[in-house]
Structures are given as C-alpha cells and as structure tokens.
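First the structure, in the form of structure tokens, and then the observations on it.
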Amino acid sequence: MQIKSLPNHYLLYSIIFLFSLLFIPKTIAQVVNGTTGKATTWSAPLTWTNGVPTTGANVLVNHFLSIDQNIRVEGGNYIINKRISGKANKPYSLTIDKSGNMQGIFLLNASAYFYGDLVVKNGGILRISDGDTLVVGSALFENNSKIEVAPKGVLIVNGNVTNENNSNMIMINGKLTINGSFVGGNGAAIIGRGLVTTTGSAMNEGTSTIFESNSDCLTGPCSYSPTITSVVEIASENDFISDVYVFDLIGNSIFVSNDQMKKNEVREKISGRAGLYLLRYTLNNKVVTEKILK
C-alpha cells in the first residue's frame, strides 16, 4: 500500500453524529402504500394497496417480491421486511434520491438482490439492517448521501464503487464487499467498525479515507478494517462529562453544551421529552457515545 500524509486537522469524524443521521426507524408512521400479497412482482398494480409506488410514496413490503423494473426512491420511506429479488441475467437498478426537501429512505430489514447499479444521491439514505444483504452491480455514493451497514449486514457490489468528493457519511459496521475497484474522492470517508474488501485496486484521492486510512492499494485484493486501540468506558450517572451533544434518531440536535456537568444533569435538560436519544460526550479524554431512554 502507498502511504500518504494527511493534514494535521484531519483526525476523527464524529461517528455518533453520522450514525444519528443514518439511523432510521423500523416502521413508518403512516403507511401510504403496502404490499397486498395478491401479486408477486413489483410492477403489478395488484401488488400494492395504492398502485405501483410513485414519487414521495411511503412503501412497506411485507411479502416476497420479484424485481421486474428499476426502482427509484424519491422523497419517500421504503421499508423492506421481506426478500425482494431480481435476476442476475436481467439486472435492475436502485436509485435513492430526495424530492424537494424530503429525503429518500431505503431501509432493508431483509435481503435484496438487484444486480443492477446502486446510486445513493444527495439526500438519499440507505440502511442495511443486522444480518441482511443487498446485492447490486456498480455503486455510486454522492456527496451528502448517507449509508449505514449494520453489524452482520452486507453490501455486495459486483462492480466498481465510487465514493464522491466530500461524501463522508458512509458507515460500514458490517461488510462492504466490492468485486471490482474502489475510488474515494477528495474529502470522502468510510467510517465504522466493519470490513471493506475489493478484488481490484482501492484508491483514496486527496484526503479520502477508509476507516481513517488514507493508504492506496494499487493491486487487489485489498482489505481495510479499523484499528481499535481501547475499550471506551461509559460514564455513570454521577460522573462529570464535557462536550455534551444530544441528538434524536434522525439527527436533530436536542441539547449541546461545552460545560462540564454530571451525566444525570443531561437527563434533566431533556426532561420534557420522551423516547430514545443519542448522547455523545467526553470522558477521561475519550469520546463516548451511547443511547439514552427518557
């Protein structure tokens, strides 16, 4: 591997902040369009309670479906709870995009086999849940796309992967398996605690990193995994913490403070709210992240 020097300020991405942007709930508050079980192909109107999904639709798949068309998520929430599958000899693409100010979300709680190209555009969110697999052809991650592969989740790309300039919200806690080459644009980053492998080369242009490594791998196969140096201690309720950030599960900031305070005082600051939140803080010179329930 070829080693390149990084600017001094380029040290760590805030993993919990990115994770909070990527984390998607497993249910949709209002299901606009669900599967009926009356048909098994994506393009059949009888498959759906409200016809074949269009721009802005919220979609819930609870039955096995055959993929027989390109699928484009635009400004809606797609939750896939049952396997969907195309054919390797007839690939279809998956594009995840926003519509206006509405993000497009594709949450995979089962396995999906597209074989065609994957494009996650600016404002698109892809999450592959624990133990599930997505298979595609080549893949393009645009700047401001958000991707999370959960532990034991797998994204298999049977082609090349491009992570565009400044696309730094790609979290791999499971596996990204690339049967081809990888190019990361300047300022791009893959973070997390998983594994990235390629059969071809892996090139990090400029300050691009994979698990904080800026190394190039000129000839495949290549493999990247994070270096974990220590186990981080979680603060007790009466411990003093600093650099406190509280986010909800879609990335909205709830409380921010640079002052030192007890952990239980943070709970008091959000006492009027209920639900699950993400808390990031500094304890003993280490950045700690955890979920808190109010």
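The values are calculated or read from the model by the stated rules, or taken from the named source; none is laboratory data. Note that this is a predicted model, so its numbers are computed, not measured. Reconstructed Cβ throughout: ideal geometry from the backbone, glycine too, with neighbour counts over all protein chains shown.
Somewhere in the stretch 217-229, is a residue within 15 Å of the chain's Cα centre (by Cα) and modelled with pLDDT of 90 or more?
no
Sort out which residues of the stretch 75-91 are crowded, with 20+ Cβ neighbours inside 10 Å and hydroxyl-bearing (Ser, Thr, Tyr), and write them in order of number.
Hit for the stretch 75-91 is 78, nothing else.
Just give me the residues in the stretch 178-215 being part of a strand (DSSP E or B) and surrounded by fewer than 19 Cβ atoms within 10 Å (Cβ to Cβ), in sequence order.
183, 195, 197, 203
Restricting to the stretch 182-215, give me the number of residues that are over 17 Å from residue 142 (Cα atoms) and either aliphatic (A, V, I, L, M) or modelled with pLDDT of 95 or more (or both).
Step one: of the stretch 182-215, the residues over 17 Å from residue 142 (Cα atoms) are 192-202, 211-215.
Now drop any that are not either aliphatic (A, V, I, L, M) or modelled with pLDDT of 95 or more (or both), which leaves 195-202.
Selection size over the stretch 182-215: 8.
Out of curiosity, is residue 162 under 26 Å from residue 200 (Cα atoms), under 15 Å from the mean Cα position of the chain (by Cα) and hydroxyl-bearing (Ser, Thr, Tyr)?
Judged against the criteria, residue 162 is not a match.
Of all residues in the stretch 109-130 being touching a Pro at 6+ places or on another chain (Cβ under 9 Å) and part of a loop (DSSP other than H, G, I, E, B), which is surrounded by the fewest Cβ atoms within 10 Å (Cβ to Cβ)?
Our first condition is that a residue be touching a Pro at 6+ places or on another chain (Cβ under 9 Å); within the stretch 109-130, this holds for 114-117, 130.
Add one more test, that the residue is part of a loop (DSSP other than H, G, I, E, B), and what stays is 114, 130.
Details: 114: 20, 130: 12.
Among those that are touching a Pro at 6+ places or on another chain (Cβ under 9 Å) and part of a loop (DSSP other than H, G, I, E, B), it is 130.
Would you mention how many residues in the stretch 143-157 are surrounded by 20 or more Cβ atoms within 10 Å (Cβ to Cβ) and either of a type in the set (Asp, Glu) or in a loop (DSSP other than H, G, I, E, B) (or both)?
Residues that pass the stated criteria total 4.
What tally of residues in the stretch 86-122 results from selecting those that are among the polar types (S, T, N, Q) and touching a Ser or Thr at 6+ places or on another chain (Cβ under 7 Å)?
4
Have a look at 254, 241 and point out the one that is assigned to a strand (DSSP E or B), of a type in the set (A, V, I, L, M, F, W, C) and either at pLDDT 90 or above or in contact with a Ser or Thr (Cβ under 7 Å, 6 or more places away or on another chain) (or both).
Every option except 241 fails the conditions.
Pairs please, first residue from the stretch 131-151 and at pLDDT below 90, second anywhere and in a loop (DSSP other than H, G, I, E, B) and acidic (Asp, Glu), Cβ atoms under 6 Å, 6+ apart in sequence or on different chains.
What qualifies is 150/130; 151/130.
Can you tell me which condition residue 132 does not meet? The list is (1) over 15 Å from residue 107 (Cβ atoms); (2) charged (D, E, K, R); (3) in contact with a Gly (Cβ under 6 Å, 6 or more places away or on another chain), and all the others hold.
(1)
Of 52, 31, which residue is outside any strand (DSSP E or B), within 25 Å of the chain's Cα centre (by Cα) and at pLDDT below 95?
Numbers: 52 fails: within 25 Å of the chain's Cα centre (by Cα).
The conditions single out 31.
Being in contact with an Asp or Glu (Cβ under 6 Å, 6 or more places away or on another chain) and surrounded by fewer than 19 Cβ atoms within 10 Å (Cβ to Cβ) is the filter here, so list the residues in the stretch 52-74 that pass it.
55
Please enumerate the residues belonging to the stretch 128-159 that are among the hydroxyl-bearing types (Ser, Thr, Tyr) and within 23 Å of residue 203 (Cβ to Cβ).
Matches in the stretch 128-159: 138, 145.
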